[in-house]
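The structure appears right after this line, and notes come after that.
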Amino acid sequence: MAESDRFSTGFENRKTVLGADHVERSWAAADEFNRPMQRLVTEYCWGEVWGDDTLPFKTRSIINLAMLTATSQHHELGVHVRGALRNGVSKEEIRAVLLQAAIYCGVPLALAAFRVASEAIRAYEAEAAGSATKVNKTSEATTATAGSKASKPSKASKASKASKASKASKAKGAGQ
């Protein structure tokens, strides 16, 4: 079966919200029995519904958090808390959604949702910190490599620094 445009859009939307690694693993793990369900979810949930530009992803994430809490879908809630963070929903906004769910859906459901959300937030932050560390190490390595290749500053660089120093000196004198 050829991939439809709706499937392609859905696959990209799904990766944007849930993370490419998660989506690629889910798709790769699909077998003959459950692949039709993965295709249906990707095409209609992520392609058709999430592909509709009427609501931004951030709003859709907030709605999902409330609905998944109300229906006690803890596994999906954890996945969507991480997606909500990717979509710009703050921890404070997630907390507000879950507190409101406590009033309208019940305290036991909200308590369970808070446990799931807390774990998902910690995992997301750990992942983000790991990514930042990798980026910093790559940046440091690139800078070190670039520094070792540059034996001495160029004449243009020296002239630019001298010009900036002269301007700074003049600005100080004008302000006195």
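Looking at segment 83-94, is at least one residue closer than 20 Å to Glu12 by Cα, touching a Gly at 6+ places or on another chain (Cβ under 8 Å) and open to solvent by less than 20 Å² (accessible area, probe 1.4 Å)?
Yes, the conditions are met somewhere in segment 83-94.
I'd like the residue in segment 24-44 that is of a type in the set (A, V, I, L, M, F, W, C) and over 22 Å from Arg86 (Cα atoms) and, out of all such residues, is farthest from the chain's Cα centre (by Cα).
Checked segment 24-44; the qualifying residue farthest from the chain's Cα centre (by Cα) is Phe33.
From Ala112, Ala129, Ala144, grab the single residue that is within 18 Å of the chain's Cα centre (by Cα) and either at pLDDT below 95 or open to solvent by less than 50 Å² (accessible area, probe 1.4 Å) (or both).
Of the residues listed, the single one that is within 18 Å of the chain's Cα centre (by Cα) and either at pLDDT below 95 or open to solvent by less than 50 Å² (accessible area, probe 1.4 Å) (or both) is Ala129.
Note down all Cβ pairs under 7 Å where the first residue falls in segment 95-117 and is touching a residue at least 24 places away in the same chain (Cβ under 8 Å), the second is outside any helix (DSSP H, G or I), and they're at least six residues apart or on different chains.
Short answer, once both residue conditions are applied: Leu109/Ser72; Ala112/Ser72.
Among the residues of segment 63-79, which ones are surrounded by 20 or more Cβ atoms within 10 Å (Cβ to Cβ) and under 18 Å from Tyr104 (Cβ atoms)?
Answer for segment 63-79, where residues must be surrounded by 20 or more Cβ atoms within 10 Å (Cβ to Cβ) and under 18 Å from Tyr104 (Cβ atoms): Asn64, Leu65, Leu68, Thr69, Leu77.
I'd like the full set of residues that are small (Gly, Ala, Ser) and in contact with a Lys or Arg (Cβ under 8 Å, 6 or more places away or on another chain), limited to segment 62-112.
Ala84, Gly88
Starting from residues that are loosely packed, with under 13 Cβ neighbours inside 10 Å and not small (Gly, Ala, Ser), keep the ones in segment 1-23 and report whichever is farthest from the chain's Cα centre (by Cα).
In this case the residue turns out to be Met1.
Which condition breaks for Pro56 when tested against (1) more than 22 Å from Ala120 (Cβ to Cβ); (2) open to solvent by 50 Å² or more (accessible area, probe 1.4 Å)?
Status for Pro56: all satisfied but (1).
Does Arg86 meet the test of being closer than 23 Å to Tyr124 by Cα and modelled with pLDDT of 95 or more?
Criteria met by Arg86.
The values are calculated or read from the model by the stated rules, or taken from the named source; none is laboratory data. Note that the coordinates shown come from a computational prediction; the quantities given were computed from them, not determined experimentally. Here the Cβ is made from the backbone with ideal geometry for all residues, glycine too, and neighbour counts use every protein chain on show. Ligands, DNA and RNA are stripped out before the accessible areas are found, and what is left, the full protein with its side chains, is counted by its heavy atoms. Shrake-Rupley method; radii C 1.70, N 1.55, O 1.52, S 1.80 Å.
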